[in-house]
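The structure under discussion appears below in the form of C-alpha cells.
Bear in mind these aren't lab numbers, they're just calculated from the coordinates by the rules spelled out. Just so we're clear, the structure is a prediction, and the values are computed from it rather than from any experiment. Cβ atoms come from the backbone with ideal geometry, glycine included; neighbour counts cover every protein chain shown.
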Amino acid sequence: MFTSPSQILCTIFGVNIYYYGVIMALAIATGVLVADWAGTKYFGLKKETIIDLAPYIIIFGILGARIYYCALNYGFYLRFPTEIIAIRHGGISIHGAMLGGALGLWLFAKRHKLNPIKLCDTSVIGLSIAQAIGRWGNFFNSEAFGAPTNLPWKLYIAPQYRPIPYQDYQYFHPAFLYESILDLAVFAILLVLTKTGRLKKDGNLTLIYLILYSLVRIFVEMFRLDSVMYILGVPVAIFVSVGIIIVSTAVFIYNVKRG
C-alpha cells in the first residue's frame, strides 16, 4: 500500500512549487535528451536537432493537451473560466498533446526543410519515456486512479480527492502506475526495434508507437474513474484509441506490403 503525498513540493518567495510541474519538467527534459540521442545515433539527424525542435513540440503540445482537456470538460470551464490557465492544477490530455505536438513538428520541419516523418520516428522514442515519468505527476495530484481495490499495491486516496460515489472507499487501483510501467515497456520495444533496424520504412516506428500506446490507454481506461467524457457508457479515450489502432494498423500493413 502507498499514499499520495502533498501536491506542494515547497514554497519560494510565497509561490507554491507543485510536484506536478516539477515532474512534467523532468519528463520533458528526459524525453528531449533521449530523442536527441536517438536521432543522432540512429536516424542521421544533426546533434541538437531535436533540442531545437523541442520548443515547437512543447508549446504546441501543451496548448493542444490543455485545449483538448478543457473541451472535454467544457461544463466545468464555462463555470470557472479562470481555471483554463491553471495548468499547475493538472488537467491535460495525451491525445490533445499528440495533435498539438504533431502540428509543432510539422511547422519546424517545414521551416528547416527536414523530413517530418523521420522527426516523428525520433520523437516517439523520447515521448514514450516522457510519458512514463510524467504519469507520476498524477500520483502527487491524487488523480488518474482506478476503481476500489484491496490488492497489496493499493493506493490510499484522501477523502477530498475521492469521487462522490466512492467516498466510503479508501484504497484504489494506482492506474497511473500501471500506465507508467507499460509506457516503459513501449519505450523498450521502440528502442529495440530502432537498434535492430527491423523497421525499414520511415514512419513505421511512429505507427508502432501509436498502436502500442493506444493498447496501453485502453487497458488503463478500464480501471480509471476519472474519464472526462463518455459515449454509450464508454470513455471517449477508448473510442479515440481504437480509431488510432485501426488507422495505424492499416497504414503499417500497407507500408509493409509496399516494402
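Applying 1/(1 + (r/R0)^6) with r as the Cβ-Cβ distance of Thr82 and Leu184 and R0 = 51 angstrom yields a FRET efficiency of 0.90. Could you identify which residue out of Ala29, Ala109, Ala86 has the top mean-square fluctuation in a GNM of the chain using Cα springs shorter than 10 Å? Between Ala29, Ala109, Ala86, it is Ala86 that shows the largest mean-square fluctuation. Ellipticity at 222 nm from helices only: DSSP H runs of n ≥ 4 in the chain, each -39500 (n - 2.57), divided by the residue count, give -21000 deg cm²/dmol. Amide H contacts for Thr149 (H built 1.01 Å from N in the peptide plane; partners 5 or more residues away or on another chain; cut-off under 5 Å): Tyr171, Phe172, His173.
For the options Gly243, Gly203, Gly96, a Gaussian network treatment of the chain with springs between C-alpha atoms closer than 10 Å singles out Gly243 as fluctuating the most. Rounded to the nearest 10 degrees, the inclination of helix 116-134 to the longest alpha-carbon principal axis of the chain is 30 degrees. Of all the options Ala237, Ala147, Ala54, the one that moves most in a Gaussian network model of the chain with Cα springs shorter than 10 angstrom is Ala147. Extension gain for the segment Phe219 to Phe2, taken as residue separation times 0.36 nm less the Cα-Cα distance, is 75.9 nm to one decimal. Sort region 132-171 into rounded, prolate or oblate with this rule: let a ≥ b ≥ c be the square roots of the eigenvalues of the Cα gyration tensor; rounded if a/c is under 1.5, and if a/c is not under 1.5, prolate when a/b is larger than b/c, oblate otherwise. Oblate is the answer for region 132-171, as a/c is 1.5 or above yet b/c matches or exceeds a/b. A straight line joining the Cα centroids of region 179-247 and region 1-73 runs 19 Å. Residue separation of Lys47 and Asn73 scaled by 0.36 nm, minus their Cα-Cα distance, works out to 5.3 nm of gained length.
So if we plug the beta-carbon distance of Val247 and Tyr169 into 1/(1 + (r/R0)^6) with R0 = 51 Å, what FRET efficiency do we get, rounded to 0.05?
For Val247 and Tyr169, the calculated efficiency is 0.85.
For region 54-208, just say rounded, prolate or oblate: build the C-alpha gyration tensor, square-root its eigenvalues into a ≥ b ≥ c, call rounded for a/c under 1.5, and beyond that prolate if a/b exceeds b/c, oblate if not. It is oblate, given that a/c is not under 1.5 and a/b is not larger than b/c. Once the chain from Val234 to Leu151 is taken as fully extended at 0.36 nm per residue, the excess over their C-alpha distance is 27.4 nm. With axes computed from alpha carbons, what is the tilt in degrees of helix 19-42 against the longest principal axis of the chain, rounded to the nearest 10 within 0 to 90? Result, in degrees: 10.
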